[in-house]
1. Does residue 74 satisfy being at pLDDT below 95, within 16 Å of residue 54 (Cα to Cα) and out of contact with any Cys (no Cβ under 8 Å at 6 or more places or on another chain)?
2. If you scan the stretch 1-26, which residues turn out to be crowded, with 18+ Cβ neighbours inside 10 Å and within 16 Å of the ligand (Cβ to nearest atom)?
3. Testing residue 247 on (1) within 13 Å of the ligand (Cβ to nearest atom); (2) surrounded by fewer than 20 Cβ atoms within 10 Å (Cβ to Cβ), one condition comes back false. Which one is that?
4. Considering only the stretch 70-89, how many residues are part of a loop (DSSP other than H, G, I, E, B) and under 8 Å from residue 109 (Cβ atoms)?
5. For the stretch 138-153, name all the residues that are touching a Ser or Thr at 6+ places or on another chain (Cβ under 8 Å) and more than 16 Å from residue 32 (Cα to Cα).
6. Please indicate, with yes or no, whether at least one residue in the stretch 62-75 is within 16 Å of the ligand (Cβ to nearest atom), closer than 18 Å to residue 139 by Cβ and hydroxyl-bearing (Ser, Thr, Tyr).
7. Report, by residue number, each residue of the stretch 27-41 that is surrounded by fewer than 24 Cβ atoms within 10 Å (Cβ to Cβ) and part of a helix (DSSP H, G or I).
8. Considering only residues that are surrounded by fewer than 22 Cβ atoms within 10 Å (Cβ to Cβ) and part of a loop (DSSP other than H, G, I, E, B), look in the stretch 272-299 and name the one that is farthest from the chain's Cα centre (by Cα).
Amino acid sequence: MISNMAIKHPVLEDASVSLFLKREDLIHPFVSGNKYRKLKYNLQQAKVEGKDVLLTYGGAFSNHIAAVASAGKMFNLKTIGIIRGEELADKPLNSTLRYAEACGMQLHFVSREAYRLKETPEEIHLLRNVFGDFYRIPEGGTNALAVNGCKEIITEKDKEFDYLAVSVGTGGTMAGIIEASDETQEVIGFSALKGTFQLSEIKKYTSKNNFMLTDRYCFGGYSKVTPELIQFINLFKKNTNILLDPVYTGKMIFGIIAMVERGYFKKNSRILAVHTGGLQGIPGMNVKLEKKNLPQIIV
Ligand SMILES: *Cc1c(COP(=O)(O)O)cnc(C)c1O
């Protein structure tokens, strides 16, 4: 059972708004909480179909790749990771890919061109020629079964909140949260990428309209960071002892605090933000920051 933790922050006090954090990051030390939620029913389906190989896709720092590798190890399934970027095959593996490989995942590096075409029947056929039969999980893990798993993030008790906040990559987690929400609650999605193109994905899985998606706090795009964001994450850790990741949850909490300051939330209202995890990506991000001589995330 994941508890909701009250967050103290002067901006919240001034606005008479309360913020709670759902600690999905505590599900596993390396694997994003929401990625396990997304895998749960997919693993059951693979079993129903009698498949013992999982194949999926991701970039070199992907939380989803780490999650599939970890699940494969835990449930004794073979895992294959199709990784974007042929050039990575000749370089030392970063911490995410080292972890995936240590879990037993077979890494297969492909060109950006092949990666872009990964959903086409030709590319899937090519992979079947190389790897034989497998249970295929899309990039980021989002499909209908994943959305069903994400509905379980929100419990009956969470209906006492006025707002539910979540970070958005593909939109699958947000779709599950919208489905599990009450019509009187507003679900706020913070896009970790430039744009709100995830709306079309979200609408595949829900017909409800009690939500809003913004990319205002994406800090320039996916996995882009600024010293301001890193300082925010470090200060949040110092004040609450809760570590946020720089790609997803750090941007979400930054966005929530900024929106509180701007008066978005009603006085005396209650926000529940989902800490989806993503902490496994921090060492990799710190290596990049160190190379650029920028402040790093204190863990
Ligand atoms: C993948 C991920 C998300 C986004 O989930 P989607 O379902 O793809 O929108 C949010 N937070 C973390 C930590 C993630 O790893």
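The values are calculated or read from the model by the stated rules, or taken from the named source; none is laboratory data. As the structure is a prediction and not an experimental result, all values here were calculated from the model. Note that we place each Cβ from the backbone using ideal geometry, even for glycine, and neighbour counts take in every protein chain shown.
1. When the stated conditions are applied, residue 74 passes them.
2. Listed by number, the residues that qualify are 21, 22, 24, 25.
3. (2)
4. 1
5. 138
6. Yes, the conditions are met somewhere in the stretch 62-75.
7. Passing the criteria: 27, 36, 40, 41.
8. Among them, the one singled out is 293.
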